[in-house]
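Here the structure comes first, spelled out in structure tokens, and everything after it is commentary.
The values are calculated or read from the model by the stated rules, or taken from the named source; none is laboratory data. In this text the structure is predicted, and so the values were computed from the model without any measurement. No Cβ is skipped: glycine too gets one built from the backbone with ideal geometry, and neighbour counts run over all protein chains shown.
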Amino acid sequence: MKTGSYRGFNARANLSLPIKPGLLAAKLAVGSRNANGFGGRPAVGDEMGDEAADALQAQLRWTPGGDFEALLSADYTHVDSHLNVNHVELFNTNAPLVALHNALAGPLRPFHTVDMGPYGSQYYSVDPFVSNGTGSNLMDIEIWGVSLVLDWTMGPVSVKSITAYRTLDQAIGIDPDGSPEPFIDENDRIDQNQFSQELQFSGQARSDRLKWVAGLYYMQEESISEVTAYVASDLFPAFEQLPGPMIPLGPWGCPQPPGSPLPCLGGAGNPFNVIFDLDQVNYMTQDTESYAAYAQSTYAFNDRWSGTLGLRYTRDEKDFFIQALRMRTPIPLLPPSTQSESWSDTSLRAGLDFQASDDVLLYFSVAEGFKSGGFNGRARNTGELEGYGPELILSYELGMKSEWLDRRLRLNMAAFFSDYEDVQLTEQRLDPTTGTQTIVTQNAGDAEIKGFEAELEARPVPQLRLNAALGYLDARYTRISANAAATGLTLQHKLIGTPEWTASAGAEYTIPAGDSGEVVLRGDYSYRAKTYFQLLNEESIAQPGYGLANVRVAFNSADGDWTIATGVTNVTDKVYRASGVSVLDSLGFSVGWYGRPREWFLQGILRF
């Protein structure tokens, strides 16, 4: 059990039941995580960043002998809480949609008894853990699954069958605009189920020099999604309230000159007002079938050299349906549309290992990877419906795994290079007519990532353990597609979520406490360099480099039956963004999602 800041209370229990020793055994695990939110929305009195999750897992293992074993597993998880802390970092009242909202919708809006003023920086919160939003704030997730693993050993060959089924029911509601204005609000609902079957064969030659594995894999997935987005919801009613057509879309006044393709908006029943009926519902279904066949073998040429060669064939087939409807008018944004596509790929993997000594292993590997294409679920018109193709990767890695000084020092190092082709990225585009943001996933071009990582573990004296890690990434685009270039993406932009440097260090010291047990002191520190969360590297939501420190003190009983621990996470109370989104040029704001502040905990563990 564990308690701590924000009335946190976590509990977990594991129980092993030998129903019939040597033949039938069961395991049961239950857990619960609960805590108040570390952020809030004072205008409505609810929380952000709270935890309320319960989980259950059960296993039944049958070992009748004859080199056969069966394992039946089931699990269930339910999350019922609010979203993580989000905070508007910057407002842009010059965005066309915001300017139109402030000039027209606010003054004409009939359902507010007080004048709230224009949407903009008046709603900025100095406290990053406070939002002035009043809309949706919901996270309700239910997941359950079952699996059956059958394992036979028949002489030199082992056969394993893995059958699994999993389902997801998820409801998410978010109001990211940070204000009580009806500017943007979204509710997402996803129902998904998945069935998979894998048949795996493995073995080794009598000489033990050759080890191999081969198999077949099938996965079938069905998903239903409904995305309801409310965007500048009061604009359409405001246009309907005007006495007549008086808002020009073109450079001329109203009425527009004869032959002008651009209308004037305003007036009850004006058919052109529908352009700003921006509230929409996207209903989508997707059926996916994935097939794969693979084989891999490792051969030891001698006591020092061994090589690995692998091959995998993958084929993904997807059937996609989408319909996009306006909320107030019967004219659809996107009529019922169906798309079907399939992608296939053959990927290779090869590696070479050299056992330089009993304690030093050197290795080199090259591998290909494949991620299938897909379709755009946020399309508002047929032009945005176009799908995107697969993403391919070719990666190389050279490394060393080693132990020194009678295994009191462990050092692992690796250098790598990854070449990406047709990178799949989500792009945000500005609709020139309405000023809204459209979200489209496309192949943005090519990229490469190179770098190195090193891990060190040391035990200079029996009571002291040290660990450290260092990572470096040079991630850059090497080609920009025409569609991505149209959004402003260039070769100078950094890839999303790729900090140049990461580092961590930790120390643990054990103090004997006589016959009672021992006291263990531990401290950890991690560092992450500047990180961008948005395609065009918007600085208002970029996270500068930062470090986090944690400390823990524990007492372990001499017989190992129980442990009591206390500690503090994020000791310096560092405020940092974990992610962010910018829609400054359309919806007029950028928003960041924040990590957890400083927290204390008290933990007890009982083993029996």
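Determine if segment 393-402 includes at least one residue that is free of Cβ contacts under 8 Å to residues at least 40 places away in the same chain and closer than 30 Å to Asp188 by Cβ. So far as segment 393-402 goes, yes, one or more of its residues are free of Cβ contacts under 8 Å to residues at least 40 places away in the same chain and closer than 30 Å to Asp188 by Cβ. Given the criteria among the small types (Gly, Ala, Ser) and farther than 21 Å from Asp419 by Cα, does Ala482 qualify? For Ala482, the condition - among the small types (Gly, Ala, Ser) and farther than 21 Å from Asp419 by Cα - is not met. For segment 343-364, state whether one or more residues are buried (at least 17 other Cβ atoms within 10 Å of the Cβ) and closer than 30 Å to Gln241 by Cα. No: zero hits. Among the residues making up segment 469-483, a single one is more than 30 Å from Leu385 (Cα to Cα) and surrounded by fewer than 16 Cβ atoms within 10 Å (Cβ to Cβ): Asp474. Number of residues in segment 275-298 that are at pLDDT below 95 and either assigned to a loop (DSSP other than H, G, I, E, B) or closer than 30 Å to Tyr363 by Cβ (or both): the value is 3. Within segment 18-32, is even one residue at pLDDT below 95, closer than 23 Å to Trp562 by Cα, in a strand (DSSP E or B) and more than 28 Å from the chain's Cα centre (by Cα)? There is at least one residue in segment 18-32 that is at pLDDT below 95, closer than 23 Å to Trp562 by Cα, in a strand (DSSP E or B) and more than 28 Å from the chain's Cα centre (by Cα).
Among the residues making up segment 1-48, those that are in contact with a strand residue (DSSP E or B) (Cβ under 8 Å, 6 or more places away or on another chain) and among the charged types (D, E, K, R) are Lys2, Arg7, Arg12, Lys27, Arg33, Arg41, Asp46, Glu47.
Scanning segment 45-98 for residues that are buried (at least 18 other Cβ atoms within 10 Å of the Cβ) and at positive phi turns up just one, Gly49.
Can you tell me which residue within segment 313-329, out of those that are touching a helix residue (DSSP H, G or I) at 6+ places or on another chain (Cβ under 8 Å) and under 16 Å from Asn381 (Cβ atoms), is surrounded by the fewest Cβ atoms within 10 Å (Cβ to Cβ)?
If we take residues in segment 313-329 being touching a helix residue (DSSP H, G or I) at 6+ places or on another chain (Cβ under 8 Å) and under 16 Å from Asn381 (Cβ atoms), then Thr329 is surrounded by the fewest Cβ atoms within 10 Å (Cβ to Cβ).
Considering Phe370, Phe354, which residue is over 30 Å from Tyr283 (Cα atoms) and either touching a strand residue (DSSP E or B) at 6+ places or on another chain (Cβ under 6 Å) or not in a strand (DSSP E or B) (or both)? Going through Phe370, Phe354 in turn, just one is over 30 Å from Tyr283 (Cα atoms) and either touching a strand residue (DSSP E or B) at 6+ places or on another chain (Cβ under 6 Å) or not in a strand (DSSP E or B) (or both): Phe354.
Considering segment 133-157, the residues that are farther than 22 Å from Glu198 by Cβ and over 21 Å from the mean Cα position of the chain (by Cα) include one that is surrounded by the fewest Cβ atoms within 10 Å (Cβ to Cβ), namely Thr134. Restricting Ser526, Ser504 to residues that are free of Cβ contacts under 8 Å to residues at least 40 places away in the same chain and surrounded by fewer than 16 Cβ atoms within 10 Å (Cβ to Cβ) narrows the list to Ser526.
Would you please name the residue that is surrounded by the most Cβ atoms within 10 Å (Cβ to Cβ), looking only at residues in segment 586-602 that are small (Gly, Ala, Ser) and touching a residue at least 60 places away in the same chain (Cβ under 8 Å)? Ranking the qualifying residues of segment 586-602, first place goes to Gly588. Of everything listed in (1) in contact (Cβ under 8 Å) with a residue 12 or more places away in the chain; (2) surrounded by fewer than 17 Cβ atoms within 10 Å (Cβ to Cβ), the single unmet condition for Asn10 is (2). Filtered by the rule that a residue be within 14 Å of His87 (Cα to Cα) and part of a strand (DSSP E or B), segment 170-183 gives a lone residue, Ile174. Residues of segment 403-410 include at least one that is in a strand (DSSP E or B) and either in contact with a helix residue (DSSP H, G or I) (Cβ under 8 Å, 6 or more places away or on another chain) or surrounded by fewer than 17 Cβ atoms within 10 Å (Cβ to Cβ) (or both). Checked against the criteria, Ile224 does not count as hydrophobic (A, V, I, L, M, F, W, C), in contact (Cβ under 8 Å) with a residue 12 or more places away in the chain and assigned to a helix (DSSP H, G or I).
Under 17 Å from Ile331 (Cα atoms), at pLDDT below 90 and hydroxyl-bearing (Ser, Thr, Tyr): is that true of Ser260 in this structure? Judged against the criteria, Ser260 is not a match. Of the residues contained in segment 487-501, one or more are found to be of a type outside the set (Ser, Thr, Tyr) and part of a strand (DSSP E or B).
Only one of the listed residues (Ala486, Ala444, Ala458, Ala454) is out of contact with any Pro (no Cβ under 8 Å at 6 or more places or on another chain), closer than 30 Å to Leu325 by Cβ and either of a type in the set (Phe, Trp, Tyr) or surrounded by fewer than 18 Cβ atoms within 10 Å (Cβ to Cβ) (or both). That residue is Ala486. Among the residues of segment 214-240, write down those that are aliphatic (A, V, I, L, M), over 24 Å from Asp188 (Cα atoms) and modelled with pLDDT of 95 or more. Listed by number, the residues that qualify are Ala214, Leu216, Met219.
Considering segment 166-178, and only residues there that are farther than 13 Å from Val231 by Cα and buried (at least 16 other Cβ atoms within 10 Å of the Cβ), the residue that is modelled with the lowest pLDDT turns out to be Gly178. Checking each residue of segment 369-379 against the condition of being surrounded by 15 or more Cβ atoms within 10 Å (Cβ to Cβ) and in contact with a helix residue (DSSP H, G or I) (Cβ under 7 Å, 6 or more places away or on another chain) gives at least one match. Say whether the condition of being farther than 22 Å from Asp175 by Cα, without any contact (Cβ under 8 Å) to a residue 60 or more places away in the chain and more than 39 Å from the chain's Cα centre (by Cα) is met by at least one residue in segment 190-203. No, that holds for no residue. Are any of the residues in segment 378-396 over 24 Å from the mean Cα position of the chain (by Cα), modelled with pLDDT of 95 or more and assigned to a strand (DSSP E or B)? Yes, because at least one residue in segment 378-396 is over 24 Å from the mean Cα position of the chain (by Cα), modelled with pLDDT of 95 or more and assigned to a strand (DSSP E or B). Filtered by the rule that a residue be over 28 Å from the mean Cα position of the chain (by Cα), surrounded by fewer than 19 Cβ atoms within 10 Å (Cβ to Cβ) and not basic (Lys, Arg), segment 530-566 gives Val553, Phe555, Ser557, Ala558, Asp559, Gly560, Asp561, Trp562, Thr563, Ile564, Ala565, Thr566.
Looking across segment 289-306, the residues that are of a type outside the set (A, V, I, L, M), surrounded by 14 or more Cβ atoms within 10 Å (Cβ to Cβ) and within 22 Å of Ala205 (Cβ to Cβ) come down to Tyr294, Gln296, Ser297, Thr298, Tyr299, Ser306.
Would you confirm whether or not segment 76-86 contains a residue that is farther than 28 Å from Thr167 by Cα and modelled with pLDDT of 90 or more?
Within segment 76-86, one or more residues are farther than 28 Å from Thr167 by Cα and modelled with pLDDT of 90 or more.
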